[in-house]
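Quick notes on the structure that follows.
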Amino acid sequence: MNKDMKQNAKPREIILETDRLVLRKMDIGDLPALREIVQDEKTMYAWNGAWSEEETVEGLEKQLRAYSEDGFGRWAVVLRETNTVIGVCGLLWCDTDKDKVLEIGYLFNRAYWHKGYAAESAIACKNFAFDKLGYDEVFSLIRESNHASMNVAIRTGMLVRGSYIKQYKGEDMPHYIFSARKYNQKDELEIVMRLTGVDDENRIKINETGWTSRVYIIDGGKIVFKFPRNAKFREECKHEVTVLKLLREQKFYLSVPVLNWTTEDNSYFGYNGVEGKPLREVIGDLSDEQKIEIGRQIGKFLRQLHGMKISGSIKALTLEEQALEYQNWYRKGRDSLTEYFSETELMIIDDFFAHEVPDCMVGTNELVLCHGDLDYNNTLIDSKNQVGLIDFGDAGLYDRSQDFRGMEDDILLESMMMAYGGDKVISKVAAETTAKMIDALCLIYCIENNLIDGADNIENCLKQVRLKILKDEVV
């Protein structure tokens, strides 16, 4: 071990953490664990055999230099449960025959293979490169005979981009070039078309206006794929997948999405969807009898949903916590409204959020599994007046009144409550106030995110806020 390596030894620094693993910088104390990995013939089959002691030390020195020069490198992967170093995984600049690329490399002690640790750590490194370091693409360079490593790359969300011949110890080694890109619509379309077998892009509509995800809709909703916009929304994606798995085990009175495709890194998921038009588009054309039938279907569904027993962790909010969340969201986005409202108008909206919003948050205070965002947009009606519900991303444990708050129509709401059990779950005033609040928060979201069709959304939300909160006469 050389002098520079001893000088580079520093206190261990944690870089990343996952549910089961900790990724930290290596130091000279990791040599014994590293020897167990790289000096094992079977582990190193893709490198044509085990490393020597000299190669092992040189390999560790290379990572210590990378920490100093690049700010990253291969890190030790530590199993939380036992505090044992079980492998290495991290980021390193590597050469192909054309370019220098940022590679995610992983190598694990053979005793810990086939447990998902490589994919778990590689996914964490990918997200770190995208969200913390700001890179748009990461690679894995994999020998064509290393099928296990290819499977890890695929589970990390990578696709094959090309191939090249790597020179290693005087031997030509054909390698595949895998990569994952931060966001590329062409890549997402390729994933959707490959998994579904759809070969005509004209059958796929892309909705860029979703709050948390880009949505790919096939044949009007028969199949739907969601791609979360960033790391925060990947967690919400994970949550929605958990809820859809629960729903898949039930038989309901109406249609709900049926989960069919998932990924370990929550970079996307897909489901057999629900067809129909949003209730918002058809509510004005419905007869009283049709509204009663729609309300009956929704009420029976909610009675079943709210009665489901939940195991495992799922988000939960009391009415008081929800009111505070809505108020904080408004306060953070208020400045974006100054271009559209006078200071007097903003004071009226301030007063609405300060007083009417918390006043309307009344209910039973019993938390049950709720859809969480049930409104005219997430309720679909087909040609036979059959109901389907979509977008369970906000599902969680809430007061049962939560699922009645998005329905303003008196006849529809009354029918829902009758089918639910006859009790008055929520007042008309509370439902109307919730609808006003949603319009205001939607307006803030559209302004701040500058969505592709944001102009139309902004205009519609402005109209609703002026009509409902400011009480303007809008033509």
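Share of pairwise Cα-Cα distances greater than 20 Å in segment 183-275 is 33 percent (whole percent).
Given the options ASN260, GLY273, LEU337, identify the residue whose Cα lies farthest towards the positive end of the charge dipole of segment 237-377 (+1 on Cβ of Lys, Arg; -1 on Cβ of Asp, Glu). So the residue we want is ASN260. I need the fraction of alpha carbon pairs in segment 276-475 separated by more than 26 Å, rounded to a whole percent. Above the 26 Å cut-off, segment 276-475 has 35 percent of its Cα pairs. For segment 183-275, a simple Cβ point-charge model (Lys and Arg +1, Asp and Glu -1, everything else neutral) yields a dipole of about 260 debye relative to the Cα centre. Does segment 31-186 come out rounded, prolate or oblate, given a ≥ b ≥ c as the square roots of the eigenvalues of its C-alpha gyration tensor, rounded meaning a/c under 1.5 and, failing that, prolate meaning a/b above b/c? Rounded. Computed from point charges on the beta carbon alone (+1 for Lys and Arg, -1 for Asp and Glu), the dipole magnitude for the chain about its Cα centre is near 1440 Debye. Where both bridge residues fall in the chain, DSSP classifies roughly 95% of the beta bridges as antiparallel. With one equal scatterer per alpha carbon and no solvent term, the Debye-computed log10 I(q)/I(0) for the chain at 0.06 1/Å reads -0.36. Only helices enter this figure: runs of n ≥ 4 DSSP H residues, each worth -39500 (n - 2.57), summed and divided by the residues of the chain, yield -12000 deg cm²/dmol at 222 nm to the nearest 500.
Please identify every one of the trypsin sites (Lys or Arg not before Pro) in segment 197-253 that sits in a loop by DSSP and has no more than 15 other beta carbons within 10 Å of its own beta carbon. Walk me through the numbers before you get to the answer.
On the way: sites: ARG203, LYS205, ARG214, LYS222, LYS226, ARG229, LYS232, ARG234, LYS238, LYS245, ARG248, LYS251; in loops: LYS222, ARG229, LYS251.
Answer by residue number: LYS222, LYS251.
Of the GluC sites (Glu not before Pro) found in segment 300-351, those in coil by DSSP whose Cβ has at most 15 other Cβ atoms within 10 Å are GLU339.
Plainly put, segment 39-99 has a radius of gyration that is 1.01 times its Kirkwood radius, both from alpha-carbon atoms, as the Rg/Rh ratio.
The dipole here belongs to segment 3-182: it is taken about the Cα centre, uses +1 on the Cβ of Lys and Arg and -1 on the Cβ of Asp and Glu, and is about 420 debye.
Throughout, read-outs are computed from the coordinates displayed, never taken from laboratory work. It should be emphasised that the depicted structure is a prediction, and the values quoted were computed from it without experimental measurement. Please note: Cβ atoms are built from the backbone with ideal geometry, for glycine as well, and neighbour counts cover all protein chains shown.
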